[in-house]
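Working notes for the structure below.
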Amino acid sequence: MARNTRIVVVGGGYVGMYTALRLQKKLRKGEAEVTVIDPQPHMTYQPFLPEAAAGSIEPRHVVVPLRKVLQKCQHLTGRVTAISHADREVTVELAAGHTTTLGYDVLVVAPGSVARTLPVPGLAEQGIAFKTVGEAIYLRNHVLSRLDAAATTLDPALRRRLLTFLVVGGGYAGIEALAELADMARYASRYYENINREDIRWVLVEAANRIMPEVGPKMGRYTVERLLDADIEVNLDTRVKTMVGGHVELDDGQSFDTDTIIWTAGVKPNPMLEHTDLPRDARGRIECSAELEVNGMPGVFSAGDCASVPDLSKDDPEAKTSPSAQHAVRQAKVLADNIVAHVRNKKLKQYKHSYAGSVASLGLYKGVAEIYGIKLRGIIAWFMHRTYHVSRMPTWNRRVRIVFDWTGALFLGREVVSLGQINDPKADFDRVAGGGPRPAGQAQPAPSGVPSDPVPVGRAVS
């Protein structure tokens, strides 16, 4: 293949960033040009988002700046809107606002996944996902601001609404976010004279009859027991019927009001894939071979949440790898090696990885783990969770910073202050610049894709 092969990587997440990292190490100088395209200038290490939201880790330390670590690659901040393999072109909407097309010789399609939503009335207006560092920061500020508001009202119904928090989805993301945020809220309550731990209500709703299926039934039951011990209400085999205006109705007859609805009910492939000519399966994932090459398209590769990859570790020929960070990181290694082999006209390798196990945090000093069939719980599992994920964090720079964050939190405690102003940083300036104060009860504008914080009745507005 000709020198200066153009390699385009769509997505800067687990697969995109790890693939580009390995390519810049493996490729010889002048052998290829690698371009990474992502809407964000960083990769987010999602397993640490719950701790970032709870104040154990500085949010900036759970993201890896792409330009800093991919110095031998070109990085474009933009959103891929279409792919035409017939023309070997990628259409990109750049951060500056204009649209351009890029040609390629080798393409890596790894835009990842987005939150899977359901037609629940009120979800779009009231819910927020938990997949980005922006959402983690927002939820941290939001939860603490609800405590602030509850401490300043005499209305019992409003107080109950402010201190009620709902998490929908009992997978890893939902359970870890729930456990960490609940721990943070309970920790923060000690600084409020008129709020007790018992006043704060956390509710989990899961449509299946178990939570965290990855750790097995026994460990799932143990997890439920720990959540119940922490006074968290667990509703299995239950669905949300409506959440219009923050009034939640469940299909088992329960109903309550809340200002906080965290939606973690699964993921689906990035909708951008609908604007490509790549082959996809019934679930919308890109159909790939065991070599991580897109079926029928030599030179086009995919992996991660958006890819349907044969699971060679199982006897079932129809089995596919699960959408997990564990697979994404390992697939990226094989994918990068296969791209190098493709550039050099060598044989590609198949991806095969047996399930090693799972680890999950259930809040400070609590966790569950299943490693090669060995089940662990409590502080040992919690320690393994932290050890494993810090070892997987890209670059020593971020690993050291995270360990420093943990050490500081261990001796100095968590930071429990809401910086809600970052959700509307121009509010005060608007007042002094002539805009005047917003009317009481009017919602403050929030960043795109994030619900605003309503100003509750009875809450003072300066």
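What pairs come out if I take residues in the range 408-428 that are closer than 20 Å to Ala182 by Cβ and pair them with residues that are in a helix (DSSP H, G or I) and aromatic (Phe, Trp, Tyr) whose C-beta lies under 6 Å away, six or more apart or interchain?
Arg414/Tyr187
Tell me which helices (runs of 4 or more DSSP H) are completely within the range 59-170 and hold 1 or more residues being touching a residue at least 24 places away in the same chain (Cβ under 8 Å), out of contact with any Ser or Thr (no Cβ under 6 Å at 6 or more places or on another chain) and more than 30 Å from Ala332 (Cβ to Cβ), or say none if there are none. Don't jump to the end; show me each part of the working.
On the way: elements: 66-69, 123-126, 133-150, 156-162.
Result: 123-126, 133-150, 156-162.
Hey, Pro323 hits all of (1) outside any loop (DSSP other than H, G, I, E, B); (2) in contact (Cβ under 8 Å) with a residue 60 or more places away in the chain; (3) within 20 Å of Tyr172 (Cβ to Cβ) but one; which does it fall short on?
(1)
Within the range 46-55, identify whether any single residue is farther than 26 Å from Asp183 by Cβ, of a type in the set (S, T, N, Q) and not in a loop (DSSP other than H, G, I, E, B), and answer yes or no.
Taking the range 46-55 as the starting set, the residues that turn out to be farther than 26 Å from Asp183 by Cβ are none.
There is no residue in the range 46-55 that is farther than 26 Å from Asp183 by Cβ, of a type in the set (S, T, N, Q) and not in a loop (DSSP other than H, G, I, E, B).
Applying the selection to the range 249-294, what residues are on the phi < 0 side of the Ramachandran plot, aliphatic (A, V, I, L, M) and part of a loop (DSSP other than H, G, I, E, B)?
Ala265, Leu278, Ala282, Ala290
Enumerate the strands (runs of 3 or more DSSP E) found wholly within the range 348-411, keeping only those where 2 or more residues are over 24 Å from the mean Cα position of the chain (by Cα) and either crowded, with 17+ Cβ neighbours inside 10 Å or at pLDDT below 90 (or both).
Ranges flagged: 374-377.
Exactly one of (1) touching a strand residue (DSSP E or B) at 6+ places or on another chain (Cβ under 8 Å); (2) over 30 Å from Leu144 (Cβ atoms); (3) of a type outside the set (D, E, K, R) is unmet by Val63. Its number?
(2)
Which residue, of Gln46, Gln24, is within 25 Å of Pro269 (Cα to Cα), polar (S, T, N, Q) and in contact (Cβ under 8 Å) with a residue 40 or more places away in the chain?
Values: Gln24 fails: within 25 Å of Pro269 (Cα to Cα).
Just a single option satisfies the conditions, and that option is Gln46.
Between Thr387, Thr395, which is in the same structural domain as Glu214 (by TED's automatic domain parsing), closer than 30 Å to Val294 by Cα and of a type in the set (S, T, N, Q)? Let's see the steps before the verdict.
Details: Thr387 fails: closer than 30 Å to Val294 by Cα.
Answer to the selection: Thr395.
Answer yes or no as to whether Glu249 is touching a strand residue (DSSP E or B) at 6+ places or on another chain (Cβ under 8 Å), farther than 27 Å from Leu49 by Cα and not hydrophobic (A, V, I, L, M, F, W, C). If you could, list the steps in order and put the result at the bottom.
Numbers: touching a strand residue (DSSP E or B) at 6+ places or on another chain (Cβ under 8 Å): yes; farther than 27 Å from Leu49 by Cα: yes; not hydrophobic (A, V, I, L, M, F, W, C): yes.
Answer is yes for this residue.
Can you confirm whether Met384 is of a type in the set (A, V, I, L, M, F, W, C) and closer than 25 Å to Ile232 by Cβ? Reasoning before the result, please.
On the way: of a type in the set (A, V, I, L, M, F, W, C): yes; closer than 25 Å to Ile232 by Cβ: yes.
Judged against the criteria, Met384 is a match.
Give me a count of the residues in the range 412-429 that are assigned to a helix (DSSP H, G or I) and surrounded by 15 or more Cβ atoms within 10 Å (Cβ to Cβ).
So the first thing to find is which residues in the range 412-429 are assigned to a helix (DSSP H, G or I), and the list is 412, 420-423, 427-429.
With surrounded by 15 or more Cβ atoms within 10 Å (Cβ to Cβ) added as a condition, the list becomes 420, 423, 427.
Residues flagged as assigned to a helix (DSSP H, G or I) and surrounded by 15 or more Cβ atoms within 10 Å (Cβ to Cβ) within the range 412-429 amount to 3.
Which residue out of Leu273, Leu312, Leu278, Leu292 is over 24 Å from the mean Cα position of the chain (by Cα) and at pLDDT 95 or above? Steps first, please.
Details: Leu273 fails: over 24 Å from the mean Cα position of the chain (by Cα); Leu312 fails: at pLDDT 95 or above; Leu292 fails: over 24 Å from the mean Cα position of the chain (by Cα).
Answer to the check: Leu278.
Out of all the residues in the range 338-367, which are in contact with a helix residue (DSSP H, G or I) (Cβ under 7 Å, 6 or more places away or on another chain), more than 30 Å from Thr407 (Cα to Cα) and not hydrophobic (A, V, I, L, M, F, W, C)?
Lys347, Lys349, Tyr351, His353
The values are calculated or read from the model by the stated rules, or taken from the named source; none is laboratory data. Treat the numbers as computed from the prediction; the structure is a model and nothing was measured. Neighbour counts are summed over all protein chains in view; Cβ atoms, including those assigned to glycine, are modelled from backbone coordinates with ideal geometry.
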